[in-house]
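Each remark here refers to the structure printed beneath this line.
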Amino acid sequence: MKTASYTARKPDAHGVIHYSDEENETWGILMDRQLRLLPGRACQEFLEGLDTLALPEHRIPQLSELNMKLAVTTGWAVARVPALISFDRFFALLASKQFPVATFIRRRDELDYLQEPDIFHEVFGHCPLLTHQAFADFTEAYGKLGLSATKEERVYLARLYWMTVEFGLLRSEEGLRIYGGGILSSYAETIYALESNTPRRKSLDPLTALRTPYRIDILQPLYFIIDSLEQLSAIRQLDIMALVNKAMTLGLLQPLFAPKD
């Protein structure tokens, strides 16, 4: 497993994590940027989830605060984890309706992008939609699939997660909107995903998504679009592992990006 360049913060004897003034200020900068940017770009369900969670704007929230809000909506919770965790741990948490949150926040020199998911990405990017039942159920089902999958099957499942939960777009009456947490927590990608002419955008086909290579360190060359969050419920009803096995037989599609140096 890769070595993390960040160390997650641990709580005190009362379960409280004490963040520095600089860390809280970083949270405030990230919050302010995204709250200004997302109206008219984020899907309505995400914005409603933000209202439900009522995240503090000038300090990093305690995980217990999030758990109280999530518990009364979809029964989910967040779980404190180190900066990097194994696939086994990741899938086990999702399968038990716990979303992993690494309790560190990015440095100022990595304000716009970092490869390791920090607390802003996990909490701001993902937790608002965990208040939506269809999204929450899809995430739980994904965890259960991954828990019983082989190592090779998990690599394919990761692509479906990436193309939906992390970088998915949604078609609304007002136009394309964002529901993927990887986009919603990124200032640059929020604009790029909707307004740039560079990336491709196409309706989600689960088999195609399973076969589509991606890189974590670039703006995405392709975004898949669903018609509503309820479409995730329909995908959840599919025999996803049969699709995984078909994708493994067919092999990967041609990458839409240059190989990493």
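Read-outs: derived from the displayed coordinates by stated rules, not from any lab. Here the structure is a predicted model, which means the values were calculated and not measured. Because the Cβ atoms are built from the backbone with ideal geometry, glycine has one as well, and the counts that use them run over all protein chains shown.
Are there any helices in the chain, counted as whole DSSP H runs, that stretch 18 Å or more along their axis by Cα and score at least 0.0 on average by Kyte-Doolittle, and if so which?
Helices passing the filter in the chain: 133-148.
Where does region 41-80 land on Rg(C-alpha)/(2.2 N^0.38 Å)?
In units of the 2.2 N^0.38 Å rule of thumb, it is 1.20.
Could you tell me how far the Cα centroid of region 236-261 sits from the Cα centroid of region 57-91, in Å?
Result: 29 Å between the Cα centres.
Please report the projected area of region 21-249's Cα convex hull averaged over all directions, in nm².
11.5 nm²
If packing is taken as the average number of other Cβ atoms within 10 Å across a peptide's residues, how do 75-87, 181-193 rank, most packed first?
The packing order, highest mean first, is 181-193, 75-87.
Evaluate 2.2 N^0.38 Å with N set to the residue count of region 126-261, then give the Cα radius of gyration divided by it.
1.01
Please report, in debye to the nearest 20, how large the charge dipole of the chain is about its Cα centre when each Lys and Arg carries +1 at its beta carbon and each Asp and Glu carries -1 there.
740 debye
Using a 7 Å offset from the Cα along the Cα-to-Cβ direction at both Leu250 and Ser96, what is the distance between the two label points in nm, to one decimal?
So the two model labels end up 3.6 nm from each other.
Of all DSSP beta bridges in region 21-249, what percent run antiparallel (nearest 5)?
So the antiparallel bridges amount to about 25 percent of the total.
What net charge is computed for the residues neighbouring Pro255, neighbours being all others with C-beta under 14 Å from the C-beta of Pro255, Lys and Arg scored +1, Asp and Glu -1?
+4
As an exercise, find the ratio Rg/Rh for region 110-173 from alpha-carbon atoms, using the Kirkwood inverse-distance average for Rh.
1.00
Let's test this: bin the Cα-Cα distances of region 1-114 at 5 Å from zero up to the farthest pair and state each bin's percent.
Result returned by the calculation: 2, 10, 16, 21, 23, 19, 8, 1, 0.
Using the Kirkwood radius over Cα pairs, work out the Stokes-Einstein diffusion coefficient for region 1-57 at 10 °C and 1.306 mPa s, in µm²/s as a whole number.
113 µm²/s
What net charge do the residues around Leu93 carry, taking every other residue with its C-beta under 14 Å from that of Leu93, with Lys and Arg at +1 and Asp and Glu at -1?
Taking every other residue near Leu93 into account, the sum is +1.
For a paramagnetic label modelled at 7 Å from the Cα of Ser148 toward its Cβ, which residues of region 90-128 fall within the zone defined by backbone nitrogen distances under 17 Å?
Within reach of a label on Ser148: 91-97.
Take the alpha carbon atoms of region 1-55, find their center, do the same for region 156-232, and report the distance between the two centers in whole angstrom.
21 Å
So if each residue of separation counts as 0.36 nm, and I subtract the Cα-Cα distance between Val16 and Gln62, what length gain in nm does that give?
Extra length available between Val16 and Gln62 comes to 15.9 nm.
Rounded, prolate or oblate: which one fits region 146-208, using the alpha carbon gyration tensor with axes a ≥ b ≥ c (rounded when a/c is under 1.5, else prolate when a/b beats b/c, else oblate)?
Here region 146-208 falls in the prolate category.
Report the extension gain between Ser228 and Asp32 in nm, rounded to one decimal, defined as 0.36 nm multiplied by the number of residues separating them, less their alpha carbon distance.
67.8 nm
Amide H of Tyr223: which non-local residues (sequence gap of 5 or more, or other chain) have their own amide H closer than 5 Å, using H built in the peptide plane?
Excluding prolines and chain starts, which carry no amide H, the hits are Arg200, Arg201, Lys202.
Lysines near Lys144 by alpha-carbon distance under 20 Å, same-chain residues fewer than 8 away left out - which ones?
Counting by Cα, and skipping residues close in sequence, Lys144 has these lysines nearby: Lys97, Lys246.
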